[in-house]
1. How many residues does the range A:710-766 hold that are at positive phi and among the small types (Gly, Ala, Ser)?
2. Among the residues of the range A:691-702, is there at least one that is buried (at least 20 other Cβ atoms within 10 Å of the Cβ) and more than 30 Å from residue A:492 (Cβ to Cβ)?
3. Need pairs with beta-carbon distance below 8 Å; first residue at positive phi and within the range A:554-579, second modelled with pLDDT of 95 or more and not aliphatic (A, V, I, L, M); sequence gap 6+ or separate chains.
4. Among the residues in the range A:716-726, are any of a type in the set (Asp, Glu), within 23 Å of residue A:472 (Cβ to Cβ) and surrounded by fewer than 20 Cβ atoms within 10 Å (Cβ to Cβ)?
5. When only residues in the range A:295-310 that are within 10 Å of chain B (Cβ to nearest Cβ), crowded, with 19+ Cβ neighbours inside 10 Å and not polar (S, T, N, Q) count, which is farthest from residue A:173 (Cα to Cα)?
6. When only residues in the range B:1-35 that are more than 21 Å from residue A:324 (Cβ to Cβ) and within 14 Å of chain A (Cβ to nearest Cβ) count, which is surrounded by the most Cβ atoms within 10 Å (Cβ to Cβ)?
7. Which of the residues that make up the range A:71-93 are surrounded by 21 or more Cβ atoms within 10 Å (Cβ to Cβ) and either closer than 20 Å to residue A:707 by Cα or not assigned by TED's automatic domain parsing to the domain that holds residue A:307 (or both)?
Amino acid sequence: MSEFPTKAKCVVIGAGIVGNCLVGHLAKLGWTDMVQIDKGPLPNPGGSTGHASNFIFPTDHNKEMALLTLASQKQYIEMGMNNTCGGIEVARNPERLEEFNRRMTSAKSWGIDAKLLSPAEVKELVPFINEKIVLGGFYTPSVSCVDSLQTGTLMREGAMKSGNLNVFANTEVLDLEVENGTIKAVVTNKGRIEAEYVVVACGVWSPRIAKMAGANIPLTPAVHQMADVGPIDILQKSNAEVAYPIVRDMDTFCYERQTAGSMEVGSYAHRAIFMHPDDIPSNEASALSPTELPLTQDDFDPQMEQAIELMEMLGDAEIKYAINGLLSLTPDAMPVLGETVEVKNLWSAAAVWIKEGPGIAQLVAEWMTYGYPHLCDPHSSDISRFYAHEKTDHHIYARCDEHFNKTYGIVHPREQWATQRNMRRSPFYAREEAAGATFFDARGWERPQWFASNEKLVKKFASACEPRAHEWDARWWSPITNAEHLQMRESVGMVDLTAFNEFDFTGPGTMKFLQYMCVNNVDVEVGRSVYTPLLTPGGGFRGDLTIMRLAMDHFRVITGAFDGGRDNYWFNRHMPQDGSVKFTDMSSSLCTIGVWGPNAEKTMAKATQNINAEGKLVPFDVSQKNFPYGSVREVLIDGVPATMFRISYVGENGWEVYTKMEHGLRMWDSIAKAGEEFEIIPVGMGVYAVTGRIEKGYRLMGAELESEYNPVEAGLNRAKVKTADFIGKAEYLKAREEKPCAVMCTLEMIDNTSKSGIKRFPTGGNEPILTKTGERIVDTKGRVSRVTTAGAAPSLGKYLLLAYLTPEHAVEGNELRVMYMNELFPVRVARVGSQPVFDPTDARMKS
Amino acid sequence: MNILVCVKRVPAPGARINITPDAQQVDTAFLGFTVSPHEECAVEQAVQLIEKHGGDVTVLTLGPVEAEEQLRTAVSTGVAKAVLVPIDTQDWDPQRTAHALASVIAELEVANGKYDLILFGNESADSCGYQVGIRTALKLGRPIVNGAKGLELENGIATVRRESDAGVEIYKLKTPACVGVKEGINLPRYPTMKGRLASKKVAITQNAATGNEGGLKLITLRRPPERASNTKILGTGPDAASAVVDLLEELGVFK
C-alpha cells in the first residue's frame, strides 16, 4: 500500500455509491492527484450504500430527479450492474389510480415505457400477489436492481488504475482545516493531507464532517425499516436474484423486492425516527454496521400485517434479517450538492440514494470541473438554496418528520407544508390575515395566495371564475384568484412582495463586478434599472433578476424568494477579494408592495409626496413623463421614505414600492386608503406568480429558465451584446449565431374537456407536449417539450401553457397535444417567443 | 410433555463493547437485545422435542420488563407460554437468580404439573457465570448436565450428548431433569412474520420473586486492551504466491 500522502489536488471523503462514482467521474474529466478516504473498510465501509435495497423506479414527477435517475440507470447499464426486473406500483385506494394516471404522464415526459395494469394483469406478473385487494397497477418494465457496491468498486478502481487516485480505507477524518475561508487540509488518524478541493460524500455522517470546517450540510440520518424474509419456495425455484417484478404497495408505503430465495420487505410507513450523526455507533461498536441498527419491532408490525395481506406466503417465511437502516433525509427531500456556502472549495455530495447516485456523481464532477453541471440544472439540489432557518436541526426534524411518510405519498404540485409555518411574516401580515388570506409558504415567508375578502368579486366576474370540477385541479386553488386578477386589470390591486431578496452592492468596483455577472448592460443612469439573466459558464440560465442603480456606486439586486439563497451564493462566490465591492443583504430590512392596474397611477399620485427645492412637501409627479417605465425614485408616502420602481410582472402600469420593514404597515395603510375610491384590493400570489405572469408570458427562474436553456431559446436575448465580458459570454455569443433548436412558446388549450366530460386544468408539472399523434417532441439537444408553467388567463378566457418547442412545431396556430392525467388534450401555439398573449405591445404598462 | 426454557435478556453488541461512564454496565444506547446463542438453541431444542412428542414449551426469564421482547421472540418461534420475573435492574447475581427461578418454577409446577425438562443455556452471553442452571437444578433437587450438544427424550429418559477433548460423553437422566444446552446442538429457526404477529397477542404471566443477594458482586467493568490486528496482506491473486511460500518456509511448514 502506498504511503499516506501529505498533499493532493482533491480529497474525497466517503466510499459509498457517491464518493466512489465521484472519483470515477472526476478521473474521466481529467482530474489527477486525488485521494479518497473512508473510516470504514472496503468494499463496504458501513454506510447506507451497504444495506441499500438497490432498486430503481425511474419515474419521478420532478424533472431534476427524473433526469438524474435515468442518467444513473444508464451508467449502471453501461457497467453491467443493472438487472432489469420490472416493477409494479399497486393501488389499494381509488386516489392512487388517479395518481397512476399522473405517473403515466410523467413517464411519457421522460420517455419511460410504462403501462397501467388491471388486478388480473398484476397477478399474471406476480403470481403470489393477492389481487383481490389491488385496484390496479402502474407497471414499468425498465425497473431494475443494481449492484451499488460493485458499481462503486469499479468506478473507484477505474480511477486508481488510471493512476489518478489513491485510496485509504479505515482512515477517519479528525478535522478539516480552513484558511481565509478556503479549505486547506484534511486531518486524519493516518496523517494530514493538504488539499485544494475536499468533497464530503459521507452520507449520514456528512453534517458531522462539514461541521469540522464550519460548514453546514442540512440533513438528518433517519430510519428506513426493512426485513429479509425467507426462504420462500416460489422464489427459490426461480433460481434468480430477481425473477419477479418489484412490488411497491403504494398505499401502505411498503415494498416487496425479491432477493434470491427471500423477499425484502421495506417500509416508509413507520413514524419518522431520526438519529444525530454524532450518535451513530462506530464500525467496531456496531453489531452489523453503523447504519444497520436494531429493528424497533413495534414500528414494523403493522407493515408485516399489510405485507402478509398482499402476499400470504410471507407469513410463514422466517425473518432472517431485519434492521432500522439509516439513510439521509433533508428538509425538502432533495439532495444537498455543490460547494458549501461557508467554505470555498469544500463540496457537498450528500443525501443521495442509490437510484440517483452515479448520475449525481457525474453532475457534481461536472460542476467541479466546468463551474456548473451539464447533465441538468441542479437548482432543487443546490446546497446554497437553504436559508439560515432551514439549516437548523429544528427545521430539519420538523420537515423530515412531515415528509417521511410522503415518500410513497401522493403529493400535489401545489401542496403546502404544514410544519415550520410563520417563520417569516411581512409587516402587512395583520391586514392580510384580517382580509382572510390563504397563506402559502415561500421559503419561510407567509405569502397570501388569495383573499377571502375578495370573494364578492367572484360574483362580479362570474363567467371567468367558475369553480373547477375536479378536486385535484381545485386543490390549493381558488376561483378568487381569477377575480382578483380581473379587478386588478380593471382598477388597481396591491401585492405583498416582501419575500423578495434585495442585495445591495456598493463600492468602486461594483460596476465592473456586476457587468461581469450579468448578461445585460448594467451601466445605466442613476435612477434607472436593468432586467438581466445571469448565465452559467456554459451559457445557460443561472439567475434572472432586476437591478436598480441607486447611485453611481450603489446597485440593488432584486430576486425572488425561491432563488435568494442561490443568487446570494453566486454573487458572493465571484466577488472581488480586494474589498472594492461591498455586499449587504437587505432582504430582512426591506418590505415591498406591488401596486398595479389602470388606477395605480391615480392611487399613487394621491399617496406620494416629496420635498421640493424650496423644502416644501408637495405631491410627487408620478406620471410616465416624469417617472417612466423602468425608473426608480425616492419618495415619501405619508411621511415614510420609500423607493418606487416602475416595473411590472403582471403587465399593468404601476410600481414595486419598497420601504423599511418597520414602516411597512403604515405604508400599506396609506396606499390602501389612497386606493379606496378606486376599490383597490389586496391581490394574492395566484395572480402575481401565475395568471398575471402567464398572460404576459413572463419567464420564471427554475421553471422556464434553467441552465439547460439559453436566453436565445427563452426569447430573452437583446438586440445587442455589451462589450464588457461576463460569465457565459462566449457561449451566449455562440447561441446567438445558431438557430435555436427549441423556442419558448405560449400555448392555449383548445378544449380542456376530458373523456369523462369535466373540464381539466393541468397543474404545470412537466406534462408532455406531444404531436397530434401523441409522439414526444425532443429537440436536437435531447430536451423534451413539457409544460413549465400552466395557468388561467382570465382576461382572455383561456387556459395557457408555457413550453419549449422545436422550430418545426413552434409555429403560431400549430395544433399539438398536452398529456394530463394520461389523457390527451388539444392545444394550439398562441405565441412563439417572448411576445405576450395579453397586451402584446405592453401598452398598459406604459400608459 | 412440558418443557421449560430459561433465558436471559442481554445486549447484542458489536466487536467493541462500550461501557457506561460509571463502568457498571454495557452502554446499550444504540444496541439491540437478544438472548445468548446457547439459549436460542435451547428454545429451538425444546420446540423440536415438542414437535416430535407433543406438549407445551414455556419460556421463563428474570429481568427488566423490557425482557418481554425476548419472551415474545421465543413465542414467535413456537413456544406457547411466557413467564416474566420482573426485577428493577438488568440482572441479579447468580445465587439470587437461581433462588428466584427455583421458587417461581415451584409455583408454576404447582399450577401446571412438573416440567419434564428444564433447559438453560450453557452460560449467559454477558456475565458468563456458568452458574444459574446448575444452582437452580440443585435447589430443585434435579439432575443437570451442562454443555449438551445432543438431547433426546424417550420413555422418561433424557439422553444428553456432550463433547469433550477425550471424545463424546453420553448421559442418561431420569426426568424431571435439567440440561444446559450448548450452541451447535441445532440451527435455531428465525421467527416467522405470522409468528411474530401472533406472539404480540400472547399474554405474558408475571411472577414476583425475591431472594437474598449472593456473594458475587460487580465491582467494575473494564474493557480489555484492544488486540492489535496482526493481519498482513501478502498480496492478491497469483502475485501473492512467492510471499506465501516464503512465509510457509519461515514457519517451518516445509522441511
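The values are calculated or read from the model by the stated rules, or taken from the named source; none is laboratory data. These figures come from a predicted structure and were not determined experimentally. Don't worry about glycine lacking a Cβ; one is built from the backbone with ideal geometry, like all the others, and counts go over all protein chains shown.
1. 4
2. No: the range A:691-702 contains no residue that is buried (at least 20 other Cβ atoms within 10 Å of the Cβ) and more than 30 Å from residue A:492 (Cβ to Cβ).
3. What qualifies is A:579/A:507.
4. Scanning the range A:716-726 turns up no residue that is of a type in the set (Asp, Glu), within 23 Å of residue A:472 (Cβ to Cβ) and surrounded by fewer than 20 Cβ atoms within 10 Å (Cβ to Cβ).
5. Going through the qualifying residues, I end up with A:308.
6. Looking only at the range B:1-35, we keep the residues that are more than 21 Å from residue A:324 (Cβ to Cβ), and these are B:1-8, B:19-25.
Filter again for within 14 Å of chain A (Cβ to nearest Cβ), leaving B:19-20.
Working: B:19: 14, B:20: 12.
So, considering only residues that are more than 21 Å from residue A:324 (Cβ to Cβ) and within 14 Å of chain A (Cβ to nearest Cβ), the one surrounded by the most Cβ atoms within 10 Å (Cβ to Cβ) is B:19.
7. A:72, the sole residue that qualifies.
One line per residue, one yes/no per condition, for (1) closer than 24 Å to residue A:266 by Cα; (2) within 31 Å of the chain's Cα centre (by Cα); (3) small (Gly, Ala, Ser):
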residue	(1), (2), (3)
A:81	yes, yes, no
A:91	yes, yes, yes
A:105	no, yes, no
A:124	yes, no, no
A:166	no, no, no
